[in-house]
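The values are calculated or read from the model by the stated rules, or taken from the named source; none is laboratory data. Since we're looking at a predicted model, the values are computed, not measured. Ideal geometry is used to build each Cβ from the backbone, glycine not excepted, and the neighbour counts take in all protein chains shown.
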Amino acid sequence: MEKLIIWIVLLVFFYLMSRINTWKKRAAAAFLVVGQRAITKEERKWGYRNALRAGEKKAERFYVYSALEDFMDEKPMVPFKMKLSNGKKIPAIFIDYYIPKKDWNFITEEQRKFVQMVYDFKDGRVSCSRLFKEALAKLDLPDSVSVVFMPCSNQSKYLTRFSRLNNALSYEEKLHPMLYSLTYLEARESKHNIKDRDKVNADSNIIINADIVGKKVVIIDDVITT
């Protein structure tokens with residue numbers, strides 16, 4: 001009789017476990033749909049987070065990209081201290097998170113539009129001056145500051161990328177853009193074409209003109225990389 005009871009208990013246990021697993025799979029699928037169809041950012045995070053908790057591994061990257069600010073110390077349009085290679089820290093700010101194209105299937109249309117705008121800025125099609133002005137306004141800058149731009153692999157890319165922004169910033173009273181503060185000696189290999197970016201010195205193909213020495217400057221770049 002005792003053996004029969006044990007077998008019955010085991011059968012009930014395995015039956016319940018089977019039903020629970022089935023319910024979890026259905027719940028995970030439902031939560032994933034909620035995340036995909038969500039209208040607001042919070043709804044999207046909630047759906048993907050619960051899908052992941054219910055065991056849906058496919059929801060992992062969807063959730064990460066829907067909740068980037070929860071995983072990152074640095075927040076968009078919030079000043080922070082960026083550590084340089086020499087150990088010093090400087091105030092910095094960025095507009096939003098850059099997401100590589102290989103992960104575009106996991107992000108929203110709004111996120112894709114922002115990253116596409118970064119590409120358009122790189123190619124000189126847009127100046128993004130409004131966003132840069134908003135970002136600069138959040139930094140505790142001196143009353144008068146010179147604006148310089150991060151060197152590119154060659155002069156043509158540099159002028160294409162930053163000329164329009166340089167012109168737009170020249171109308172700001174406290175900002176003094178200095179597009180021609182660099183002299184290009186030659187072209188160098190582009191950083192995004194090699195795996196070890198640190199092996200390429202950004203200033204290896206340029207000379208910083210003497211007219212910028214001793215001035216208070218803010219440096220503008222298209223993408224801040226870790």
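This table checks each residue for (1) at pLDDT below 95; (2) not in a loop (DSSP other than H, G, I, E, B).
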| residue | (1), (2) |
| --- | --- |
| P91 | yes, yes |
| D96 | no, no |
| I99 | yes, no |
| W104 | yes, yes |
| Q116 | no, yes |
Original post:
Before we move on, is D221 at pLDDT 85 or above, in contact with a Phe, Trp or Tyr (Cβ under 8 Å, 6 or more places away or on another chain) and surrounded by fewer than 17 Cβ atoms within 10 Å (Cβ to Cβ)?
Top reply: yes
Original post:
Inside the stretch 51-72, can you point out the residues that are acidic (D, E) and either in the same structural domain as Q111 (by TED's automatic domain parsing) or surrounded by fewer than 16 Cβ atoms within 10 Å (Cβ to Cβ) (or both)?
Top reply: E60, E69, D70
**OP:** Please determine, by comparing only the residues of the stretch 73-83 that are surrounded by 10 or more Cβ atoms within 10 Å (Cβ to Cβ) and free of Cβ contacts under 8 Å to residues at least 60 places away in the same chain, which one is farthest from K41 (Cα to Cα).
**Re:** K83
**OP:** Just need a number here: residues in the stretch 58-83 that are of a type outside the set (A, V, I, L, M, F, W, C) and closer than 19 Å to F31 by Cα.
**Re:** 6
Original post:
Given the structure, is V126 surrounded by 11 or more Cβ atoms within 10 Å (Cβ to Cβ), assigned to a loop (DSSP other than H, G, I, E, B) and in contact with a Lys or Arg (Cβ under 9 Å, 6 or more places away or on another chain)?
Top reply: yes
Original post:
Checking V147 against (1) surrounded by 15 or more Cβ atoms within 10 Å (Cβ to Cβ); (2) β-branched (V, I, T); (3) within 18 Å of the chain's Cα centre (by Cα), which test does it fail?
Top reply: (3)
Original post:
Among the residues of the stretch 119-140, is there at least one that is farther than 28 Å from S181 by Cα and under 15 Å from the mean Cα position of the chain (by Cα)?
Top reply: no
Subject >> Members of the stretch 19-50 that are surrounded by fewer than 13 Cβ atoms within 10 Å (Cβ to Cβ) and either modelled with pLDDT of 90 or more or not in a helix (DSSP H, G or I) (or both) >> reply: I39, T40, E42
**OP:** State whether one or more residues within the stretch 76-83 are modelled with pLDDT under 90 and over 19 Å from the mean Cα position of the chain (by Cα).
**Re:** no
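Table: residues versus (1) crowded, with 17+ Cβ neighbours inside 10 Å; (2) of a type in the set (V, I, T); (3) touching a residue at least 60 places away in the same chain (Cβ under 8 Å).
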{"site": "K89", "(1), (2), (3)": "no, no, no"}
{"site": "R130", "(1), (2), (3)": "no, no, no"}
{"site": "K133", "(1), (2), (3)": "no, no, no"}
{"site": "D140", "(1), (2), (3)": "no, no, yes"}
{"site": "F162", "(1), (2), (3)": "yes, no, no"}
